[in-house]
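Have a look at the structure below, then the notes.
The values are calculated or read from the model by the stated rules, or taken from the named source; none is laboratory data. From a predicted model like this one, the values you see are computed outputs, not experimental measurements. Here Cβ is always computed from backbone atoms with ideal geometry, including for glycine, and neighbour counts include all displayed protein chains. Just so you know, the surface numbers come from the protein's heavy atoms only, side chains and all, with ligands and any DNA or RNA stripped out. Shrake-Rupley method; radii C 1.70, N 1.55, O 1.52, S 1.80 Å.
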Amino acid sequence: MKITDVRVRLFENKSLKGFADVTLDESLALTGIKIIDSSKGLFVGMPSTQGSDDKYYDIYYPVTKEFREALTDAILDEYDKVKEEADKGSRKRR
């Protein structure tokens, strides 16, 4: 599968930094992917749901290590671009 589009919405709230929507092969949209800042740096969290055992389970997730890395890289690259543009915009308004 090829990642054909990545869109990021910034959301500054403690560790949650934004949300990403990803399109695969111009045919399947994955929405609600979280961009989270932890003590180890930024990472991508898949949307999840709480099971009857009170544990959380990802609704969808990359099956292979290679695709997880490609997805994470694409999302965090777009996050960096969007964040940089937002930072430039806030400096212009001062």
### Task
Could you grab me the full set of residues in region 17-27 that are in contact (Cβ under 8 Å) with a residue 24 or more places away in the chain and exposed (fewer than 15 other Cβ atoms within 10 Å of the Cβ)?
D25
### Summary
Only one of (1) touching an Asp or Glu at 6+ places or on another chain (Cβ under 9 Å); (2) at pLDDT 95 or above; (3) open to solvent by 60 Å² or more (accessible area, probe 1.4 Å) does not apply to K14, and that is (2)
## Note on the structure
In region 42-60, residues that are surrounded by 14 or more Cβ atoms within 10 Å (Cβ to Cβ) and under 16 Å from L24 (Cα atoms) total 1
#### Entry: Tabulated pairs, region 29-40, first loosely packed, with under 14 Cβ neighbours inside 10 Å, second polar (S, T, N, Q), C-beta under 8 angstrom, 6+ apart or interchain
A29/T23; S38/S15
### Only one of E78, E85 that is assigned to a helix (DSSP H, G or I), more than 16 Å from M1 (Cβ to Cβ), modelled with pLDDT of 95 or more and among the acidic types (D, E)
E78
